[in-house]
Amino acid sequence: MSFLKWLKDSGKTILGDGSNGTELIDRGFISGKPPDILNIQNPEMVKSVLKSFYLAGSDMVQTITLNASFLHLKKHNLESKLEEINKQALKNIKEVCPKGKLVVGEIGPSGEFRNPFGLGAFEKWKSSFLNQIEILEGNKEEGVDLWHAMGFIDIEEMHAALAAIKEVSSKPIIASFIINKGKKGFYTLMGNSLELCIQMLEKEEVDVIGFNCDPGTTLFIDLVREAKGLTDYPISVKPNAGKPTLENFKTVYNQPIEEYVRDISAMIELGVKIVGGCCGTSPEHIQSVRKWIDSQS
Ligand SMILES: [Zn+2]
C-alpha cells in the first residue's frame, strides 16, 4: 500500500490537494448548497477540478464529500441523495486519478453541534458517517485508498467519525482538527486544547495527526512547532491561503503564493510530513509547493 510506504520514507514529503470548494466557485458554482451535490449535477466540472490538482503535482487528491454525510445532507434536504452523491463522487475521482497516485476519502463534520448547542451526540454522529463511509470504502480496492477526517472542532464528533471509519475500513487515516490561537493558546472552537486533541488522536491510533483551514499560514507555523513538542506522530497541514478579507460581500484570500510557499516550506523544515491547502488554495499553490519540494531533493 503506497501511502504507508510514503509515510515511512523519511525523504518523502507527501503533497495533497488544495481547496476543491474554491476551485468549484471559480468555475461558477454558487454556494448555498454543499458543493458535494455537483458530483451528480455536474460531474464534468468536478472531474476537471480533481484533475487539475493531480496535474499540479498532488500525490493524492480528496473526494468532494466533505458535507456528504447523512446529517449534513439532511440540513439541505438532500439526505435521499446520499448514496448517489457518494457513489458518483468516488466514480468521478477514480476516472481522473493517474496511476501511482492516491484517492483520499474526505469526511467532514455534520454541522450538528453537541448538546446543548445542537442535537449532536456520539451514536447519532457515528451512524450518520457510517452510510457514507460504507459507500466510499467500496469493494476494498475499488474504493478510496485512505481517509481524511478533517475540519473537526469537537473531539467527540471526531471520535464518532473515527469509530465509523474503523467499523468498515482498515485503510490508513489522517485526522485533522481546525485549531485557532486564543488567549489561552491553541484551541478548537468547541474548547478542546491542542494537547487534548493530540492525546485523543494518539489513543485512537490514527496514522497521521493533522490540522486544516484556520488560522492562516503564519500562525500555522507556531501551531506545528507546538504540536511537534507534543507528539512524535506524522503531521499533516492543510492551511488556508492566509487570512480572508471581505470584498464586495465575497470572502477572498489575497496572500501572495510566494508567501504561502515560504510558510509551507518552513513547516516542512519543522518536520511536517503531509502538506496541502484549504480555503483559497488553487492548483497554482499546489504546483508552487511541488516545485519547492522537488527543488529540495
Ligand atoms: Zn478552510
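No value in this document is a laboratory result; all are computed from the given coordinates. Every value quoted in this text rests on a predicted model; they were computed, and no experiment measured them. Glycine gets a Cβ as well: all are built from the backbone with ideal geometry, and neighbour counts include every protein chain shown.
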### Summary
Of 181, 250, 75, the most mobile residue in a GNM of the chain (C-alpha springs, cutoff 10 Å) is 250
### Peptides ranked, highest mean first, by Cβ atoms within 10 Å: ranges 163-176, 21-34, 208-221, 253-266
208-221, 163-176, 253-266, 21-34
### Query
Taking amide H positions as placed 1.01 Å from N in the peptide plane, with prolines and chain starts having none, which residues 5 or more places from residue 120, or on another chain, fall under 5 Å of its amide H?
113, 114, 115
### Task
Would you pull out the residues with amide H under 5 Å of residue 146's amide H, same chain only if 5 or more places away, H placed 1.01 Å from N?
103, 105
## Note on the structure
Burial-style ranking of 240-249, 125-134, average other-beta-carbon count within 10 Å with highest first, yields 125-134, 240-249
## Note on the structure
Residues meeting the amide H criterion for residue 242 (H placed from the backbone, H to H distance under 5 Å, 5 or more places apart or on another chain) are 217
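Per residue Cα convex hull volume for segment 214-284, in cubic angstrom?
Values: hull volume 5.5 nm³, N = 71.
Convex hull of Cα atoms, per residue: 78 Å³.
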### Summary
Residue-ordered couplings for segment 168-173, obtained by feeding phi - 60° into the Karplus form 6.51 cos²θ - 1.76 cosθ + 1.60 and rounding to whole Hz (Gly and Pro as x), are 10, 9, 10, 7, x, 10
### Gaussian network model of the chain, Cα within-10 Å springs - most flexible of 141, 84, 195
141
### lysines with Cα under 21 Å of residue 181, excluding same-chain neighbours fewer than 8 positions away
228, 238, 243
### Task
Rank 183, 101, 74 by mean-square fluctuation in a GNM of the chain with C-alpha springs under 10 angstrom and give only the top-ranked residue.
183
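Kirkwood hydrodynamic radius for segment 111-223: how many Å is it when counted over pairs of different Cα atoms? Intermediate results must be reported in sequence, preceding the final value.
Working: mean 1/r = 0.0680 Å⁻¹.
Kirkwood radius, segment 111-223: 14.7 Å.
Please give the peptides 104-111, 40-47 ranked by average Cβ packing (other Cβ atoms within 10 Å per residue), highest first, as a rough proxy for protection. Display every interim value, and only then the final one.
On the way: 104-111: 24.9, 40-47: 16.6.
Answer by packing, highest mean first, reads 104-111, 40-47.
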### Query
What list of ³J(HN,Hα) values in whole Hz, one per residue of segment 259-270 in order, does the Karplus curve 6.51 cos²θ - 1.76 cosθ + 1.60 (θ = phi - 60°) give from phi, with Gly and Pro shown as x?
5, 4, 5, 4, 5, 5, 5, 4, 5, 5, 5, 7
#### Entry: Distance histogram for segment 142-297 (every C-alpha pair counted, 10 angstrom bins, percent rounded to whole numbers)
11, 39, 35, 15, 1
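Give, as a single signed number, the net charge of other residues whose beta carbon lies under 12 Å from the beta carbon of residue 41, with Lys and Arg counted +1 and Asp and Glu -1. Walk me through the intermediate numbers first.
Details: positive: 33, 81; negative: 36, 44, 84.
Result for the neighbourhood of residue 41: -1.
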### Tensor-based shape of segment 2-296 (alpha-carbon gyration tensor, a/c under 1.5 rounded, otherwise prolate or oblate)
rounded
### Query
Which of the pairs 51/81; 75/171; 101/203; 99/171; 5/171; 5/101 have their Cα atoms more than 21 Å apart in this structure?
51/81; 75/171; 101/203
## Note on the structure
Check: C-alpha center segment 226-297 vs C-alpha center segment 1-79, spacing in Å is 17 Å
### Long-range Cα-Cα pairs in segment 71-174 (distance over 16 Å), rounded percent
56 percent
### Message
At 222 nm, what value in deg cm²/dmol follows for the chain if DSSP H runs of at least 4 each add -39500 (n - 2.57) and the sum is divided by all its residues, to the nearest 500?
### Response
-13500 deg cm²/dmol
